[in-house]
1. With θ set to phi - 60°, apply the Karplus curve 6.51 cos²θ - 1.76 cosθ + 1.60 along the range 63-68 and write out the HN-Hα couplings as whole Hz, x wherever there is a Gly or Pro.
2. To make sure I understand the rule: partners must be aspartates and glutamates, Cα under 14 Å from the Cα of K64, and not fewer than 8 residues away in the same chain. Which ones qualify?
3. Do you know the relative contact order of the range 48-152, to the nearest whole percent, from alpha carbon pairs under 8 angstrom that are 6+ apart?
4. Given R₀ = 35 Å, what would the calculated FRET efficiency be for I45 paired with Y188, taking r from the Cβ atoms and rounding to 0.05?
5. Select from the range 66-124 those chymotrypsin sites (Phe, Trp or Tyr not before Pro) which occupy a DSSP coil region and have at most 16 other Cβ atoms within 10 Å, ordered by residue number.
6. By how many nm would the segment from Q131 to K154 lengthen if fully extended, with 0.36 nm per residue of separation less the alpha-carbon distance?
7. So, in Å, what gap is there between the alpha-carbon centers of the range 132-183 and the range 34-106?
Amino acid sequence: MSYLGVGVSPGNVAGATMKLNDRKVRLTELILRCSVCALALISAILVATDTQVKEVFTIQKKAKYTDMKALVLLVVVNGIAAAYSLVHGVRCVVGLMKGSVLFSKPLAWAIFSGDQAVAYLTVASVGAATQSAAFAKLGEPELQWMKICTMYGKFCNQVGEGIATALLASIGMVMISCISAFGLFRLYGGNKARQNSLW
């Protein structure tokens, strides 16, 4: 309230609080998108550049990520997640600079759907790569699959680092999809409250 009680109304205070909260949410989204972009890119680079050559009875065998289709999926999905997060990070920066709030329902639905799709893709690719890595590390005696990581230790360690980084990126994408869901459904909640107040 002002000194004389003039110029400040409860509506203005509530509006200022909403703008402050909205700015915090958008800043959190920007930080998460930048983090996901960096983590996904690091994961893709770690896995894609990982190779190790072993000599077995004068025959050279080279391990690379393309030997396991789950790792190829991980690299592709992390590349998509990094590019997607970069584009939306730019959108967040522009929104913060302009101070605009997302009021378009079709755009909110598009962002929500995209975030959900990328979140599901990252979680699925991490799950598939983790299962393949477990087979490489532990083997499968019933199927006579040997432990690959006993031969290619450096390769397995770097893949493990890439999978751990991808896991962090997928957690970030899940958090971003929650924020976009909040932004989308808030558009519907505000209209419902206004309609109820008219009655």
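1. Along the range 63-68, the couplings run 9, 9, 5, 6, 6, 10 Hz.
2. Candidates past the 8-residue exclusion: D50.
3. Values: 64 pairs, mean separation 26.9, N = 105.
Computed value for the range 48-152: 26 percent relative contact order.
4. Working: r = 40 Å, r/R0 = 1.15.
The formula returns an efficiency of 0.30 here.
5. Working: sites: Y84, F103, W109, F112, Y120; in loops: F103.
Counting only loop positions with at most 16 other Cβ atoms within 10 Å, the chymotrypsin sites (Phe, Trp or Tyr not before Pro) in the range 66-124 are F103.
6. Details: separation 23, 0.36 × 23 = 8.28 nm, distance 1.85 nm.
Roughly 6.4 nm would be gained on extension.
7. What the calculation gives is 14 Å, centre to centre.
Rule-based calculations on the coordinates, nothing more; no lab input. Keep in mind that what you see is a predicted model, and the values were worked out from it rather than measured. Glycine also receives a Cβ, built like all others from the backbone with ideal geometry; neighbour counts cover every protein chain displayed.
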